[in-house]
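The values are calculated or read from the model by the stated rules, or taken from the named source; none is laboratory data. If you're wondering where the values come from, they're calculated on a predicted model, not measured in any experiment. Quick reminder, even Gly has a Cβ in these numbers, built from the backbone with ideal geometry, and neighbours come from all protein chains shown.
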Amino acid sequence: MFGSMVSAQEPPQGAPANLEKTPWLKGVELSPYPTDLTPTLPLAIYLENGEAIPATVTEDVPLVLVADTAIFDETPPTHANDQEIPNPRWDAAVAVSWYFIDWEKNQNFNASTTSGLAANQMVVIPTTPTGRGAVTCHMARRLRYDAPEPGRSKVSYANSSAGRDVRVLDITPPLCGLEITIENGKSGSFWPVEFPPDKYPLPKTANVYFSGGLFDAVDKEVVVEGLELGSNMIVAAEQVTVKVAADDKLNIKVVGGDNHKLDNAKLKFGICNAAGGEPIPVGPINEATIDLSGIELPDNPYVFIDATDVTGNRQVLFVPLVVAK
Amino acid sequence: MKKFGVFLFVFAVFFSYAVVISAQEEAADAAAATEESATTEEAAEIPGSVDMTLEMKPGKFVMPANFRGGDPDRGLVNAVEDVFYEQHEHSILYKEDAGEVAEGATFEGDPNITWDTKVKDADGNFQTVSSVNTNMAGNGGKFFAPGEYQIGNGGARQVGGGEGAENVTTGDEGEEGGEAGGGNQTDEALVGENGETAEGGAKTVTANQAMGVLVHDVTAPDMWIAFQEGAGNVDMAATEQELKNKMVEKMVANLGRPFSQKAEEFEDASYVFIDEGTADERNLEPWKKTARLSVAGALFNERGAPKFESKTVESKPLDQEDLTSQIHIAGGEKEALKGVFVRRNVPFIFAAMSVDNGNNRGTTAEVACRIETADGKEVEKDGAAYLFRVPNYPREEYKDQPEYFFVSKAMDKSGNLTTVRMPLYIVNIQAAFEGGRNQ
C-alpha cells in the first residue's frame, strides 16, 4: 500500500519533538531516517560559464545557473547509504525545482520555468535584496529496483539538492510617499510604485499614485506614469498639485518604504524651494505638523520626500504645492 | 668525594635536561594531539545536503496498491481526486539540535520548507502545479484533476558551527597553556569548500524527497447532445458533420459548460448539456458530487418554445470499491427533462460528444447514442436523417403508436458513466415552432 513512499518504518528515535522549539514538526509522525533505498546524491551549482556563484549578486539581474549531479546520469546509483540497490534503473524523468531563499524573512521564491534551457539549467532572478540569502536546487528522480521476491520490484527516489549562500545587493531606491491631512480640511496620499516591477537594466521607473480629496481623487486614483525612480522625481504642476491655503496646518506622515531596509537617519520630508537637485527645505523638516502661516513660502514651493535605503539608493520625490490666493 | 660530587652534579644537570626534554616532548605531544583533535573536528564538515523521509498519511482514501486493477509494483500512491490528503516529512535538518548534521554544528534559524506538486505531462516530464513555501513539515491538500503527480519536499536550513568548533578545540577548561585552543579558528573551522559559508559563518544545508501519486478520476464525464431538424433540400449528412464539428470546438473551449445561456442562440439546434457544473459545483468530494443538467432550444417541450433551463442533478456511486460514479438523466413527464419533441415528417439528426476531466477536458470523444423502442430495439435512420411520419404525442391520443426513447452513454477511461434515457415524442406540428402553435 505504501510501496511508493519513502518511508521510515522504524519509530522515531530519541525524545519526541518539542513543538515549542520545532513548531514546524506539528503533525509529523515519522522518523527522519529513511529505511528505503533512497540515495542522496551530491549536487554542485555554479554559473553557466563554470565559475562559482559569487557571494554577492545584484537584485533583478538574472543568473543562468547549472546543476551538476549524477541524477542525470544514464544509470542510477548502485548504493544508498552504503546499502546496495539491487538492479537499479531509472523509472521517470528528473523533477527539478529552483528557489531563492531570503533567510532574513525565511521566505522563498520559486524560480520561474525557463524554456529553451537544458533540464539542469535555470535562470534565477533574485528579486529580493537580502543580507542573507541562498539559491537552492532540489531534484528527485524515481528509480526502480528488484524486490526480494522474484519478479517483483520496488520504487524509491534518488534525491539531489544543494544551496549556495549569497547576499543580494539592493539596487531599487525606496518607494516612499506622504499622507497629508489639512487640519479641518481635505486629505490625500501619494506614493510611487515600481513599474515595471524588477526592471533591469537600470534606470528603474515608477508610477506615482495620488488618492484623496486633496488631489481631487476621491474614489479613484490619479496616476503620474513613468517617472525615473531615483533622486529627481518631479511631478509637474499640470499633472497634480497639493492645493492649500496660506494659513493651513498640514499633518504629514510618511507612507511606503524600501524593498530591503530604509535608512531612517536619512529620511527627510517637508516643503522645499523648487524641484530637482538637492532639496532646499523651507520651514521645518520631518515635523508631523507644518503650520504654513509661519513659513514664508517661495514662488514655486514643493512638498518633498527624500528617502535613502541602507545600500545608498536614494529617492527624492517633489510634488508642487499651490497656495490659494 | 669531590669527583663523586661532580658526577652527581653532572647527573643532576643531565637528568634535569632529560626531564625538561621529556616535559617538552610531552607538551609537544599534547599539543599535537590537540591539533589532531581539532583537525579531526574540522574534517567533520557540514554536508551540503542530508536525507529526508516523506509519506502520505494513511487514510480512508489512500487506496490499495492494486486499486482499480493497477500493478501493485507500480510504486505510486493511489489517491482519488477532490479528497483532502495529508502528507508529512522529516529530516535531521528539522530537529532542535544540529549535532546530527555535523558534530558541533548549530542551527542558525528555522528551516525553510517548500511543498512542490508537479504533474506528469504527455512527454513524461514533470510540470509544476503548485509550489507552496509553508515552512511546515506537515501539509495537506486536494488533487483537483486526475493524473500522475509527484509531491516533492524541499527543505533548507542555515547551519553554523562556530561555538561547537570552539568548544571542541579549546580543550579542558581551566587548563593552563591553552595554546592548542581553537579560539580564532572557529570562524573558519566549519567553512565548507569553495567559500560555501556566507557571512556570519552559516551555510545553507538542503534536504529533498519525493513521492509519486496516481490520482484517479471519480467524476462522470460531461456530455453534450444536440438535436437539429432539417428542412427543404438540406444535406443532412453534411449538417450532422457540421454539428459535430461545432460541438468539438465549443465543448473544449468551454470546458464542458454550456456555450451560451441565451435561448435565442439555440435556434439552429437544441442541446442537452450535462456537466460537472459551475465553478462552485466542481471538484466536490466524491460523496457530495453533483452534475448540472441544462436544456436549451425549442425541442424540449411540446409547444416548441425556445428556452434555456438548468438544474443540479445527483451523482451516484457506481462501484463502491472502485469509487466510480454515474450521472443518469432519466427523462419523463415528471422529470426535469420531459423528453425531446420532434415534428412528424421533418427529418432530424442528433449527435453527442463528451469531454472528461481525466485529461482536463482537452479532447472530445463521440458518444454512442441512438433511438430505440421501449423494448430496446434500435430505430434506424431514414437515409441521412431520422424521420417519423406518424405522431405518438400526446400519448393518450396515440396509445397505439410505439414509444420511442433517446439513449446515450459516455464512459471515461476509469469507468465513470454519464447516461441519458429520455422519451422521444413525435408531435403533430405543422407550423413553425416559434409560433408555439400545436395543431
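Give the residue, chosen from B:96, B:148, that is within 21 Å of residue A:138 (Cα to Cα) and at the interface with chain A (Cβ under 10 Å from one of its Cβ atoms).
Numbers: B:96 fails: within 21 Å of residue A:138 (Cα to Cα).
Checking each option against the conditions leaves just B:148.
Examine the range B:38-47 for a residue that is modelled with pLDDT under 50 and closer than 24 Å to residue A:163 by Cα, and state whether such a residue exists.
Yes: one or more hits.
Would you tally the residues in the range B:331-359 being farther than 27 Å from residue B:252 by Cβ and either modelled with pLDDT of 95 or more or surrounded by 15 or more Cβ atoms within 10 Å (Cβ to Cβ) (or both)?
8
Which numbered condition in (1) charged (D, E, K, R); (2) within 8 Å of another protein chain (Cβ to nearest Cβ); (3) surrounded by 16 or more Cβ atoms within 10 Å (Cβ to Cβ) is the only one that residue A:152 fails?
Just one mismatch for residue A:152, condition (3).
Among the residues in the range B:313-326, are any within 21 Å of the chain's Cα centre (by Cα), closer than 15 Å to residue B:222 by Cβ and of a type outside the set (Gly, Ala, Ser)?
Looking for residues that are within 21 Å of the chain's Cα centre (by Cα), closer than 15 Å to residue B:222 by Cβ and of a type outside the set (Gly, Ala, Ser), one finds none in the range B:313-326, hence no.
Of all the residues that make up the range B:259-285, how many are under 32 Å from the mean Cα position of the chain (by Cα) and either surrounded by fewer than 22 Cβ atoms within 10 Å (Cβ to Cβ) or not assigned by TED's automatic domain parsing to the domain that holds residue B:349 (or both)?
Total meeting the criteria: 11.
Considering only the range A:175-183, I want to know if a residue exists there that is within 24 Å of residue A:102 (Cα to Cα) and either touching a residue at least 40 places away in the same chain (Cβ under 8 Å) or crowded, with 22+ Cβ neighbours inside 10 Å (or both).
Among the residues of the range A:175-183, at least one is within 24 Å of residue A:102 (Cα to Cα) and either touching a residue at least 40 places away in the same chain (Cβ under 8 Å) or crowded, with 22+ Cβ neighbours inside 10 Å (or both), which makes the answer yes.
So, in the range A:43-78, of the ones that are part of a loop (DSSP other than H, G, I, E, B) and touching a Ser or Thr at 6+ places or on another chain (Cβ under 7 Å), which residue ends up nearest to the other protein chains (Cβ to nearest Cβ)? Can you show your working first?
Looking only at the range A:43-78, we keep the residues that are part of a loop (DSSP other than H, G, I, E, B), and these are A:48-55, A:59-62, A:73-78.
This time we only want the ones that are touching a Ser or Thr at 6+ places or on another chain (Cβ under 7 Å), so: A:59-60.
Values: A:59: 17, A:60: 20 Å.
Ranking the qualifying residues of the range A:43-78, first place goes to A:59.
Of all residues in the range B:60-77, which are more than 18 Å from residue A:37 (Cα to Cα) and facing chain A (nearest Cβ under 10 Å)?
Of all residues in the range B:60-77, those more than 18 Å from residue A:37 (Cα to Cα) come to B:60-72.
The answer is B:62, B:63, B:64, B:65, B:66, B:67, B:71, B:72.
Against the condition modelled with pLDDT of 95 or more and more than 7 Å from chain B (Cβ to nearest Cβ), how does residue A:23 come out, does it pass? Steps first, please.
Values: modelled with pLDDT of 95 or more: yes; more than 7 Å from chain B (Cβ to nearest Cβ): yes.
It is true that residue A:23 is modelled with pLDDT of 95 or more and more than 7 Å from chain B (Cβ to nearest Cβ).
Of all residues in the range B:373-411 being assigned to a strand (DSSP E or B) and farther than 17 Å from residue B:272 by Cβ, which is farthest from the chain's Cα centre (by Cα)?
We begin by selecting, within the range B:373-411, every residue assigned to a strand (DSSP E or B); these are B:373, B:378-379, B:382, B:385-386, B:404-411.
Pick out the ones that are also farther than 17 Å from residue B:272 by Cβ and you get B:373, B:378-379, B:382, B:385, B:411.
Working: B:373: 43, B:378: 41, B:379: 43, B:382: 47, B:385: 44, B:411: 21 Å.
Looking at residues that are assigned to a strand (DSSP E or B) and farther than 17 Å from residue B:272 by Cβ, I get B:382.
For the range B:264-289, what are the residues that are touching a residue at least 24 places away in the same chain (Cβ under 8 Å) and in a loop (DSSP other than H, G, I, E, B)?
Result: B:267, B:268, B:269, B:276, B:277, B:283, B:284, B:285, B:289.
Please go through (1) more than 30 Å from residue B:141 (Cα to Cα); (2) touching a residue at least 24 places away in the same chain (Cβ under 8 Å); (3) not in a loop (DSSP other than H, G, I, E, B) for residue B:245 and return the number of the only condition it doesn't satisfy.
Of (1) more than 30 Å from residue B:141 (Cα to Cα); (2) touching a residue at least 24 places away in the same chain (Cβ under 8 Å); (3) not in a loop (DSSP other than H, G, I, E, B), only one is false for residue B:245: (2).
How many residues, within the range A:132-149, are outside any strand (DSSP E or B) and within 11 Å of another protein chain (Cβ to nearest Cβ)? Spell out the reasoning first.
Restricting attention to the range A:132-149, the residues satisfying the condition of being outside any strand (DSSP E or B) are A:147-149.
Checking the rest, the ones that are also within 11 Å of another protein chain (Cβ to nearest Cβ) come to A:147, A:149.
So the count comes out to 2.
Of all strands (runs of 3 or more DSSP E) completely enclosed by the range A:79-128, which ones contain at least 2 residues that are modelled with pLDDT of 95 or more? Spell out the reasoning first.
Numbers: elements: A:89-102, A:107-110, A:121-124.
Fully inside the range A:79-128 and qualifying: A:89-102.
What about residue B:362, is it touching an Asp or Glu at 6+ places or on another chain (Cβ under 6 Å), under 25 Å from residue B:293 (Cα atoms), at pLDDT below 95 and in the same structural domain as residue B:290 (by TED's automatic domain parsing)?
Working: touching an Asp or Glu at 6+ places or on another chain (Cβ under 6 Å): no; under 25 Å from residue B:293 (Cα atoms): yes; at pLDDT below 95: yes; in the same structural domain as residue B:290 (by TED's automatic domain parsing): yes.
No, not satisfied.
Each row is one residue, and each column tells you yes or no for (1) part of a strand (DSSP E or B); (2) modelled with pLDDT under 95; (3) within 25 Å of the chain's Cα centre (by Cα); (4) not aliphatic (A, V, I, L, M).
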position	(1), (2), (3), (4)
A:239	no, no, no, yes
A:244	yes, no, no, no
A:265	no, no, yes, no
A:279	no, no, no, yes
A:283	yes, yes, no, yes
A:287	no, no, no, yes
A:290	yes, no, no, no
A:296	no, yes, no, yes
A:299	no, yes, no, yes
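Looking for whichever is more than 11 Å from chain B (Cβ to nearest Cβ) and within 30 Å of residue A:257 (Cα to Cα) here; the options are A:129, A:88. Which one fits?
Details: A:88 fails: within 30 Å of residue A:257 (Cα to Cα).
Within the list A:129, A:88, the selection yields A:129.
Give the range A:146-167 a look and list any residue that's farther than 13 Å from residue A:86 by Cβ and of a type in the set (Lys, Arg), or say none.
Residues satisfying the conditions are A:164, A:167.
Could you list, in sequence order, the residues of the range A:77-103 that are surrounded by fewer than 16 Cβ atoms within 10 Å (Cβ to Cβ) and touching a strand residue (DSSP E or B) at 6+ places or on another chain (Cβ under 7 Å)?
Step one: filter the range A:77-103 for residues surrounded by fewer than 16 Cβ atoms within 10 Å (Cβ to Cβ), giving A:78-79, A:81-84, A:86-87, A:89.
Listed by number, the residues that qualify are A:78, A:86, A:87, A:89.
Can you spot a residue in the range A:185-199 that is of a type in the set (A, V, I, L, M) and more than 30 Å from residue B:51 (Cβ to Cβ)?
Kept after step one, since they are of a type in the set (A, V, I, L, M), are these residues of the range A:185-199: A:193.
Filter once more, keeping what is more than 30 Å from residue B:51 (Cβ to Cβ): A:193.
Within the range A:185-199, one or more residues are of a type in the set (A, V, I, L, M) and more than 30 Å from residue B:51 (Cβ to Cβ).
Would you say residue A:270 is within 30 Å of residue A:105 (Cα to Cα) and not in a loop (DSSP other than H, G, I, E, B)? Spell out the reasoning first.
Numbers: within 30 Å of residue A:105 (Cα to Cα): no; not in a loop (DSSP other than H, G, I, E, B): yes.
So residue A:270 fails the test.
I'd like to check something: does the range A:168-184 contain any residue that is within 14 Å of chain B (Cβ to nearest Cβ), assigned to a strand (DSSP E or B) and touching a Ser or Thr at 6+ places or on another chain (Cβ under 9 Å)?
Going through the range A:168-184, the residues within 14 Å of chain B (Cβ to nearest Cβ) turn out to be A:168-169.
Still in the list and also assigned to a strand (DSSP E or B): A:168-169.
Still in the list and also touching a Ser or Thr at 6+ places or on another chain (Cβ under 9 Å): A:168-169.
Yes; the residues of the range A:168-184 include at least one that is within 14 Å of chain B (Cβ to nearest Cβ), assigned to a strand (DSSP E or B) and touching a Ser or Thr at 6+ places or on another chain (Cβ under 9 Å).
With the range B:71-155 as the region, which strands (runs of 3 or more DSSP E) entirely inside it contain at least 2 residues that are without any contact (Cβ under 8 Å) to a residue 40 or more places away in the chain and within 30 Å of residue B:282 (Cα to Cα)?
On the way: elements: B:77-80, B:84-90, B:112-120, B:126-133, B:138-142.
Qualifying strands (runs of 3 or more DSSP E): B:112-120, B:126-133.
Being among the polar types (S, T, N, Q), away from chain A (no Cβ under 14 Å) and within 30 Å of residue A:92 (Cα to Cα) narrows it down to one residue among B:283, B:245, B:208, B:254; which is it?
On the way: B:245 fails: within 30 Å of residue A:92 (Cα to Cα); B:208 fails: away from chain A (no Cβ under 14 Å); B:254 fails: within 30 Å of residue A:92 (Cα to Cα).
Answer to the check: B:283.
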